Amino acid sequence: MHNSPAFCAGCGGKLKIIFADGRERPVCTNCGLIAYLNPLPCVAAVLVRDSRVLLVKRNIEPGLGEWGLPAGFMEWGETPENSLRREVLEETGLHCDSPRLLTVCSEIIEPYGHVVILGYTAHVNSGEPVPGDDAAEAEFFDLDSHPALAFVTHKQIMKTYLSGVSNPK
Ligand SMILES: [Zn+2]
């Protein structure tokens, strides 16, 4: 089973895939604890300024060398909106505010497995982007002629943004 842990988090016993609680799951052969597998929540941002969208060129896998929305995993204890502000700042050096949820979608992205992406748009503050963290470049592109996006989910989020834009700010 994908990304299945090998050992029990409760007792350290060996896990075995068996039918439990409605489907096949890793279950501890020692204490019987079920190791539930859940998708990982991520955030991604469509940030548009003067009809240009801010993208980052990824310097890590997955999607190494490809362009994508500023995005990343939520950290424990963060609200999605705070994850978004943090990721945007880390990857582009820019502050954003007033995040608005566009859509939620999911995808299998190796090596992480099943991820759920909360796609936002937000107001991006002034200043030139400076790439950081796992971004090699950060740049604004014309909305109608930007590089292809690395992930299916990022394309879906962009499409949702564009479908709702009658008066882009
Ligand atoms: Zn156990």
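The values are calculated or read from the model by the stated rules, or taken from the named source; none is laboratory data. This is a predicted model, so every value here is computed, not measured. Here Cβ is always computed from backbone atoms with ideal geometry, including for glycine, and neighbour counts include all displayed protein chains. Calculation scope for accessible area: heavy atoms of the full protein, side chains included, ligands and nucleic acids excluded. Shrake-Rupley method; radii C 1.70, N 1.55, O 1.52, S 1.80 Å.
If you wrap the tightest convex hull around every Cα atom of segment 40-163 and split its volume per residue, you get 91 Å³. Length gained on full extension, ILE18 to HIS114: 32.5 nm, using 0.36 nm per residue less the C-alpha separation. The simple Förster model, with R0 at 30 Å and r as the Cβ-Cβ distance, assigns VAL152 and CYS31 a FRET efficiency of 0.20. Ellipticity at 222 nm from helices only: DSSP H runs of n ≥ 4 in the chain, each -39500 (n - 2.57), divided by the residue count, give -4500 deg cm²/dmol.
With respect to the chain, whose longest principal axis is taken over its alpha-carbon atoms, helix 152-163 is tilted by about 40°. Highest mobility in the GNM of the chain, judged by mean-square fluctuation with C-alpha springs under 10 Å and restricted to ALA135, ALA45, ALA35, is found for ALA35. Projecting the Cα atoms of GLY77, PRO39, GLY63 onto the charge dipole of segment 31-87 (Cβ charges, centred on the Cα centre) puts GLY63 farthest toward the positive pole.
Summing Cβ point charges (Lys, Arg +1; Asp, Glu -1) relative to the Cα centre of the chain gives a dipole of roughly 600 debye. LEU162 sits among other residues whose Cβ lies under 13 Å from its own Cβ, and their net charge, with Lys and Arg +1 and Asp and Glu -1, is 0. Accessible area ranking (1.4 Å probe, heavy atoms, ligands and nucleic acids excluded), largest first, for CYS105, CYS11: CYS11, CYS105. Structure remark: mean-square fluctuation, Gaussian network model of the chain, C-alpha springs under 10 Å; the largest value among LEU33, LEU118, LEU101 belongs to LEU33. Segment 101-156 and segment 45-99 have Cα centres separated by 6 Å.
Gain in length, ASP97 to ALA136, computed as 0.36 nm per residue apart minus the alpha-carbon separation, to one decimal in nm? Each step should come with its number before you reach the end.
On the way: separation 39, 0.36 × 39 = 14.04 nm, distance 2.34 nm.
Here the answer is 11.7 nm.
Relative to the longest principal axis of the Cα atoms of the chain, the long axis of helix 80-92 makes an angle of roughly 60 degrees. Under the shape rule built on the C-alpha gyration tensor, where the axes satisfy a ≥ b ≥ c, segment 5-72 is prolate, since a/c reaches at least 1.5 and a/b is greater than b/c.
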